[in-house]
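Each value in this text was obtained by applying a stated rule to the coordinates, not by laboratory testing. Note that the structure is predicted; figures quoted are calculated from it, not measured. We place every Cβ from the backbone using ideal geometry, glycine too, and count neighbours over all the protein chains shown.
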Amino acid sequence: MKYVKWLFVVLLITSLTSFVGKDKPTGGLNIGDVAPDFSFRTTLKNHQLNLKDLKGQYVLINFWASYDAQSRMQNVSLNNAIRDSFKKVKFVSISFDEYQSVFKETVRKDQIASLVCFVDTKGETSEIFKEYSLDRGFSSYLLDENGV
């Protein structure tokens, strides 16, 4: 009987400690990190973007790819919300599709009307993909006026 009590205590402690650290991000940026700078030229409207040029504004960066259904849904939802409700937030959408034709068709189908919609055709081998640690899943980041 005394072993049953100890077994119960060990199981209880094990189950409680399994939740420790669940709120910590598994990759990418953490709260308080400065976002790595990047530069893009869009093929849709020949628009140049440097992230550092957006300092002083709130910026929502959304990383996605046409082959990832969840990130695509999030991209469309965020684009619509920013366009309709949050006019003070600049929306930057970056796709990691390896083919521009797939990217352009996805943007057309999903009706993404953002001027700052870019594609990095290097896909998962690109520097931005590595700097933002997106190998654990596509993410979105809201940056303050200081790029944090």
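Quick check for me: using +1 on Lys/Arg Cβ and -1 on Asp/Glu Cβ, what's the dipole size of region 29-143 about its Cα centre, in debye to the nearest 20?
Values: 15 positive and 14 negative charges, 108 e Å.
The calculation lands at about 520 debye.
Say R0 is 30 Å: what FRET efficiency, to the nearest 0.05, do Lys109 and Arg41 get from their beta-carbon distance?
E(calc), rounded to 0.05, equals 0.85.
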Query raised in the report: Can you give the alpha-carbon Rg of region 29-143 over 2.2 N^0.38 Å, where N counts its residues?
Result: 0.98
Query raised in the report: Normalized C-alpha radius of gyration of region 70-116, against 2.2 N^0.38 Å?
Result: 1.14
**Report entry** region 29-143: relative contact order as a whole-number percent, Cα under 8 Å and 6+ apart
**Finding:** 32
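Normalising by the residue count of region 96-147, find the relative contact order in percent from Cα pairs under 8 Å and 6+ residues apart.
Reported relative contact order: 36 percent.
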Report summary line: Lys and Arg at +1, Asp and Glu at -1: neighbours of Phe91 with Cβ under 12 Å from its Cβ sum to +3
Requested in this report: Keeping to pairs on different chains or 8 or more places apart, tell me how many lysine pairs in region 29-143 have Cα atoms under 24 Å apart.
Outcome: 24
**Report entry** Charge tally in the Cβ shell below 13 Å around Phe138, where Lys, Arg are +1 and Asp, Glu are -1, Phe138 excluded
**Finding:** -3
